[in-house]
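Written out below as structure tokens is the structure these notes cover.
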Amino acid sequence: MHIAFLTPEYPHPDLAKSGGLGTSIKNIATAMAARGLQVSVIVPYQSKDFTFKDDGISIYALGKKEYLFANWYFYKKYISKKIEELCTQHNINLIEGPDWTGIGTFIKFKVPYVVRLNGSDAYFCRMDRRVQKRKNFFLEKKNLQKANAILSASQYTADITAKIFKLKNKITTIHNAIDVEHFVPNHSKTKNQILYFGTVIRKKGVLDIAHAFNLVILQKPDTELLFLGKDVIDMLFCVSTISLIKDILSPQALEKTTFVNNVPYKEVQQYIAQAGVVCLPSYAEAFPMTWLEAMSMEKALVTSDIGWAQEMVIHGITGFMVNPSHHTEMSEYLLNFLRNPDLKKELGNGARERVKSHFSTQVIVEKNIAYYKKQIGV
């Protein structure tokens, strides 16, 4: 069986920057290759055409092309031709693509095409209460209509997406996976620090963290706060999100707050390891890799309580969940962890055990393989 993933991003130094979508694909692709399956990854929108091997996976980078008009349409036709060639040359049995911006629209697939929901533009616009561009809605809807089958990273994402696009097809939920042998606990250098990691953007709850930290610092003045990730321009005020965070923080809290821009993905684990508590109170996710990474490393975790969170976190067992806008409650959970090492250890252990039993690549990859076999009739 030969499975190919069509994706706009994939984590590798020779490719363009990648985020959680690329990481989730890499985790499953690597696990499948380790089980002897033939796996390819097709990554358009790169600087040039080139091919290489990565952990037993064939990576096909497709360079950007410029056309006199309708550039996006003719580039899709170019991708379609390349995919057809790869399917013929390498006997690809099935192609999986994401929902984001309708990557499979206007591409002719001669093998079964599966779309995995990791959060479309329409989904995040709904979550953010923003108006989506009509073009993006059209492309994403066509992409889903083209699919022979649809997977979702969470049941919550499946339900919301089905409502947005009025889908009647069955959507199967297979959660994202994490390599628990790679993300392992390391408590040797733990600091009295609260960590947020990911894009520094309003929808991730970073402004709410600042409000909660103002309350934490009054009770525990030696606590530090670290934001690890790329700053973006805020969609409401059109200024740096970090500048908004700084405006919210009290002078005492600001003195204890550090901002670190993007670091290589392989270094993120070092920051997670040294954190006393990880705080990820996002308003909009599908099934976030950052949460899985923190849980796999046995970290004390405070998250939002919205939708997808109910499928991952068990309140009081694997971490604490809170409405991101409830700043006093968030600060109390953070202080509970900071003041109680035994509680951090207990819930951290619970988090890792849940990941191992429900979201490890060892568990999830078998579900994916069985699903793919069903789609191609094996």
Next item on the list: Please say if the stretch 94-174 is rounded, prolate or oblate, where rounded means a/c under 1.5 for a ≥ b ≥ c the square roots of the C-alpha gyration tensor eigenvalues, and otherwise the choice is prolate for a/b larger than b/c and oblate otherwise?
Entry: oblate
Check: Based on the inverse mean of 1/r over its pairs of different Cα atoms, what is the Kirkwood hydrodynamic radius of the stretch 1-115, in Å?
Finding: 14.2 Å
Check: Taking θ as phi - 60°, what are the ³J(HN,Hα) couplings along the stretch 240-253 by the Karplus curve (6.51, -1.76, 1.60), each to the nearest whole Hz, with x for Gly and Pro?
Finding: 4, 5, 4, 5, 5, 4, 4, 5, 6, 5, 5, x, 5, 5
Note to self: Below 8 Å, C-alpha to C-alpha, sequence gap of six or more: please give me the relative contact order for the stretch 235-303 in percent.
What the structure shows: 30 percent
Next item on the list: Taking H placed 1.01 Å from N in the peptide plane, check which residues at least 5 places from Ile178 or on another chain put their amide H under 5 Å from its amide H.
Entry: Ser360, Thr361
Notebook entry, point to check: Relative to the longest principal axis of the chain, what angle (0 to 90°, nearest 10) does the C-alpha long axis of helix 206-219 take?
Noted result: 20 degrees
Check: Taking N as the number of residues in the stretch 193-359, what value does Rg over Cα atoms divided by 2.2 N^0.38 Å take?
Finding: 0.95
Checklist line | Amide proton proximity set for Glu298, modelled H, under 5 Å, gap of 5+ | finding: Arg352
Check: Taking θ as phi - 60°, what are the ³J(HN,Hα) couplings along the stretch 221-232 by the Karplus curve (6.51, -1.76, 1.60), each to the nearest whole Hz, with x for Gly and Pro?
Finding: x, 8, 6, 10, 10, 10, 9, 10, x, 6, 6, 10
Notebook entry, point to check: For the chain, the longest stretch holding no GluC sites (Glu not before Pro) located in a DSSP loop with at most 16 other Cβ atoms within 10 Å is which?
Noted result: 182-378
Checklist line | Mean residue ellipticity (222 nm) of the chain, computed from DSSP H runs ≥ 4 via -39,500 (n - 2.57), nearest 500 | finding: -13000 deg cm²/dmol
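Each value in this text was obtained by applying a stated rule to the coordinates, not by laboratory testing. Quantities reported herein were computed from a predicted structural model and do not represent experimental measurements. All Cβ positions, even for glycine, are placed from backbone atoms using ideal geometry, and neighbour counts span all protein chains on display.
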